[in-house]
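One structure below.
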Amino acid sequence: MTHPKKKLIEVAIPLEAINAASAREKSIRHGHPSTLHLWWARRPLAACRAVLFAQLVDDPSAHPDRFPTAEAQEAERKRLFGIIEELVKWENSTNEEVLERARAEIRASCGEALPPVYDPFSGGGSIPLEAQRLGLPAYGSDLNPVAVMIGKAMIEIPPRFKDRPPIHPGLKERNHYRNAEGLAEDVKHYGEWMRERAFERIGHLYPQVELPKEYGGGKATVIAWIWARTVPSPDPAFADVQVPIASSFLLSSKKGKEVWVEPIVDRQEKTITWRIRHGGTKEEIAKAKEGTKAGRGANFRCLVSGAAIAPDYVKRMGREGKMGQTMMAIVAEGNRSRAYVAPNDEHVRIAFEAKPDWKPETPLPNDMRAFWTPPYGLTTFGDLFTDRQLVALNTFSDLVHEAREEIEKDALAAGLSPDPTPLREGGTGARAYAEAVSVYLGFAIDRVAMSGNSLVRWNPVGQKAQHIFGRQAIPMLWDYAETNPLGNATGALNAAYKMAENGLRTVPCGVGEIAQQDAQGVSIHEGSVICTDPPYYDNVGYADLSDFFFVWMKRVLRPIYPELFGVLATPKSEELVATPYRHGGRDLAEAHFLDGMRTAIANMSQQSSTDYPTIIYYAFKQSEVAQDGISSTGWATFLQAVIEAGFSVLGTWPVRTEMRTRQIAMGTNALANSVVLVCRKRAETAETITRAEFIRALKRELPPAIAELQAANIAPADMPQSAIGPGMGIFSRYACVLEADDSKMSVKTALQLINAELDEFLNDLHGNFDPETRFAATWFEQHGFAKGDYGAADNLARARGISVDSVRHAGIVESLAGKVRILKRSELDPEWDPGTDDHLTVWECCQHLIRVLENDGEYAAAVLLKKIGGERAEMVKDLAYYLYEVCATRRQDAKEATAYNGLIAVWSDLTREAAQIHDTDMNRQGRLDI
Ligand SMILES: C[S@@+](CC[C@H](N)C(=O)[O-])C[C@H]1O[C@@H](n2cnc3c(N)ncnc32)[C@H](O)[C@@H]1O
């Protein structure tokens with residue numbers, strides 16, 4: 001049997017670059033393919049792209065003929081890292097030159113006939129999309145029809161109409177169309193077509209508003225109507241008055257330009273009216289911020305009587321159909337800013353005029369962890385919308401069907417084939433094209449629904465409506481913004497179809513297909529490379545949440561994809577999510593998740609190509625990271641499932657999407673919010689070993705593997721997680737490891753042993769430093785920068801064969817009045833020069849390097865690094881790893897840990913820059929420093 005070639009991802013990946021690009025991508029809202037349609041817990045495209053590249057491209061060690069020495073391999077790895085560093089940048093995602101360089105590298109490793117990539121949990125489609133971008137045939141499947149539809153819209157439909165000009169009869173925007181640009185232009189055109197017809201049909205329900213004098217008068221388009229829910233006053237004297245239960249009266253919190261609504265209560269008349277207030281005293285604004293809230297949850301006070309309104313009362317009123325709503329304000333398009341107008345009778349009357357002829361009856365799940373509205377009487381997905389919102393969504397849905405006919409006519413006129421093959425069967429003629437455009441128009445309706453329901457919050461900071469899925473749940477809301485679907489802001493149809501259009505413009509258009517399949521039994525194309533991101537435990541209830549979209553998609557897209565939308569709701573029972581309410585309790589839910597996941601992973605392991613490692617993403621739950629760190633139960637259980645499914649785990653790369661500049665993120669393990677598992681099928685001939693043999697193997701193989709990770713500048717914060725890879729590689733290479741009592745060693749125990757080995761490795765590093773540095777490191781571990789007794793310091797110094805005075809002379813500590821303390825970086829001599837220091841220690845070099853990096857930036861630090869020189873520089877890096885570990889785990893000092901992590905994070909850049917600095921530049925820099 002020939003051994004498969006080792007891939008880059010089995011040895012090292014440039015984590016810092018991947019993490020930084022993934023974090024940056026989070027803030028990109030425009031032109032990201034994810035703007036096509038929301039899906040929960042999407043992986044950043046940058047990470048997917050880099051991981052796929054490293055999964056396919058050979059590690060240089062696989063070619064000893066071309067790279068015979070460790071140095072040659074390292075140099076080649078650096079070159080490949082350079083390609084990844086360019087590849088992950090968002091601005092390069094459509095840069096053909098950069099992409100082609102990556103594709104050429106993949107072809108060089110995989111041959112001209114590229115292997116297909118398969119993702120059996122494809123969700124929002126990030127992995128297949130990136131596989132396609134890299135030129136590979138991309139396939140995927142998901143259990144959820146909404147996810148399947150999104151996947152198809154991203155990777156399956158656009159290639160059918162690649163490079164085609166739009167078919168609409170209007171003026172065309174350009175002469176040449178690449179990829180899906182023509183399709184995107186048609187989405188915009190027919191989106192506008194729909195909007196014009198919607199105006200004719202329901203425009204009267206969305207009147208403009210008269211602006212008051214201070215806004216310059218005249219009529220303006222409404223952005224949103226701000227409502228508060230109401231219940232009858234609990235005071236019997238006012239039982240006939242509906243009183244608002246509002247969590248805030250604040251409309252704009254812009255400093256100095258605050259706007260809020262003031263309720264005017266007339267007890268005689270038993271009425272509450274609303275007045276817009278600008279500015280006001282601090283107390284008034286603070287009060288406005290509280291609305292009628294009297295505490296957390298559904299605790300309010302009655303504006304008319306002052307009586308307390310308790311949660312149970314609110315729930316009862318909701319269930320009995322006695323919850324209403326009152327309009328508190330109208331937000332309109334002002335002259336360069338928002339205009340806030342008090343409600344008027346006409347606007348209130350019109351809002352209640354709308355009568356929908358259909359509403360989704362699908363019940364909301366009885367899952368109080370994520371769905372909070374049912375106890376208040378909002379029990380179906382239809383209940384989440386006001387009547388006027390339902391009328392708008394119904395009208396838009398009908399219009400998509402009409403648009404489809406119109407598009408088909410226009411497409412025929414534009415010369416598209418009359419071939420009647422539908423889109424779902426691979427059609428590319430006029431009918432299929434009309435269906436394709438309708439899919440994206442349907443997505444636009446979903447986006448209108450997301451920002452056009454009664455759980456949309458008005459955000460007084462951004463002065464805009466905030467869609468329902470701020471988190472992976474449907475929480476209850478008391479005051480809400482009813483956005484204007486015929487306006488121009490969030491919640492409007494035109495904003496929605498533009499999002500779909502923009503998302504479509506950036507998709508790559510290669511070969512690809514997405515199908516609806518349960519991952520537990522899916523049959524995967526032969527020879528597929530598997531890369532997947534399964535659901536993690538109970539993090540996201542995809543099926544339940546996605547019914548919010550399913551009910552609308554079904555209405556709009558059922559004729560196009562009857563097999564996806566012919567069911568009542570999204571499939572639930574096979575979903576691999578540990579949902580206690582569905583499975584009859586926590587334990588049963590856990591068993592369902594683990595059994596299913598084991599089956600799905602075993603299915604992958606049986607069908608995956610032996611030429612490539614399989615990649616499985618594991619997403620940490622935030623609380624899990626915070627509470628348990630890296631050896632949490634969830635993580636160990638998941639690894640156990642992977643190993644039991646027949647895989648060896650060879651790598652565990654932490655990937656995060658938090659900015660590395662964020663203080664807490666830098667200093668703690670909390671930043672590793674997902675881990676990329678690198679797996680290979682375990683050999684059938686794998687042996688069984690004992691615990692003692694396993695520990696011996698760890699001691700033999702782990703230190704060089706960790707040293708390799710350090711050589712690749714894996715940041716200290718990422719080290720504990722990354723070191724698990726080679727450790728698990730040893731553990732899972734064997735059929736099993738037997739404990740002394742002949743029981744099988746659990747993954748949890750193996751993880752503990754691996755962590756202990758890592759600690760030992762770092763302690764061994766300690767032994768290599770000069771005695772002053774060893775003194776400082778131990779003293780620092782015990783005291784930090786605080787004072788300690790001279791006697792203890794003296795003992796510690798003597799044990800290292802030096803005196804406290806020698807450490808003081810080295811410029812590390814202050815020794816005064818019987819107390820010793822380590823000097824802070826801010827106290828160090830800013831004129832320090834390693835070239836003239838006659839008592840140079842690694843400690844000083846490390847602290848000065850961080851000082852210069854933090855105060856003067858990377859170039860100045862590179863100059864200093866050059867002066868410190870090669871061999872000592874490596875020791876500085878070792879010390880930074882060691883001190884990070886001391887701060888993060890033993891001293892729990894996240895801020896100080898950040899400093900060491902930050903140094904390693906830029907180490908590659910510093911060494912690169914240092915190598916390019918000439919002595920003349922150093923002198924120049926020296927002069928500049930003065
Ligand atoms: C973490 S998400 C994938 C996200 C995706 N990588 C992305 O970036 O958008 C996990 C997916 O697994 C799907 N899923 C859950 N149970 C499944 C099953 N039994 N078979 C196939 N897919 C399933 C969910 O619907 C969800 O879309």
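Couple of notes before you dig in:
- For residue 752: the one exception among (1) modelled with pLDDT of 90 or more; (2) on the phi < 0 side of the Ramachandran plot; (3) surrounded by fewer than 17 Cβ atoms within 10 Å (Cβ to Cβ): (1)
- Selection of region 496-529 for residues being assigned to a strand (DSSP E or B) and more than 13 Å from the ligand (Cβ to nearest atom) yields 512, 513, 529.
- Of everything listed in (1) at pLDDT 95 or above; (2) under 28 Å from residue 372 (Cβ atoms), the single unmet condition for residue 265 is (2).
- Whichever residue in region 735-760 is touching a helix residue (DSSP H, G or I) at 6+ places or on another chain (Cβ under 9 Å) and of a type in the set (Asp, Glu) and, among such residues, is nearest to residue 884 (Cα to Cα): 759
- Of all residues in region 355-380, those that are surrounded by fewer than 17 Cβ atoms within 10 Å (Cβ to Cβ) and over 30 Å from residue 297 (Cβ atoms) total 3.
- Residues of region 35-67 that turn out to be within 21 Å of residue 86 (Cα to Cα) and within 16 Å of the ligand (Cβ to nearest atom), as a count: 11
Conditions tested, residue by residue: (1) of a type outside the set (Asp, Glu); (2) surrounded by 18 or more Cβ atoms within 10 Å (Cβ to Cβ); (3) in contact with a His (Cβ under 7 Å, 6 or more places away or on another chain).
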| site | (1), (2), (3) |
| --- | --- |
| 144 | yes, yes, no |
| 148 | yes, yes, no |
| 156 | no, yes, no |
| 192 | no, no, no |
| 200 | no, no, no |
| 204 | yes, no, no |
| 212 | yes, no, no |
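- Qualifying positions in region 115-135 - away from the ligand (no atom under 13 Å from the Cβ) and surrounded by 24 or more Cβ atoms within 10 Å (Cβ to Cβ): 132, 133
- Check on residue 13, away from the ligand (no atom under 16 Å from the Cβ) and assigned to a helix (DSSP H, G or I): no
- Some residue of region 88-101 being in contact (Cβ under 8 Å) with a residue 12 or more places away in the chain and aromatic (Phe, Trp, Tyr): yes
- Test: residue in region 547-563 that is among the acidic types (Asp, Glu), under 30 Å from residue 402 (Cβ atoms) and within 13 Å of the ligand (Cβ to nearest atom): yes
- Any chance residue 563 is closer than 16 Å to residue 518 by Cα, in contact with a strand residue (DSSP E or B) (Cβ under 8 Å, 6 or more places away or on another chain) and modelled with pLDDT of 95 or more: yes
- Selection within region 444-489 - more than 19 Å from residue 373 (Cβ to Cβ), touching a residue at least 40 places away in the same chain (Cβ under 8 Å) and assigned to a loop (DSSP other than H, G, I, E, B): 460, 461, 463, 484, 485, 486, 487, 488, 489
- Residue 572 modelled with pLDDT of 95 or more and within 12 Å of the ligand (Cβ to nearest atom): yes
The values are calculated or read from the model by the stated rules, or taken from the named source; none is laboratory data. Small disclaimer: the values here were computed from a predicted structure and weren't measured. Methodologically, a virtual Cβ is constructed for each residue, glycine included, from the backbone with ideal geometry; neighbour enumeration extends over all protein chains shown.
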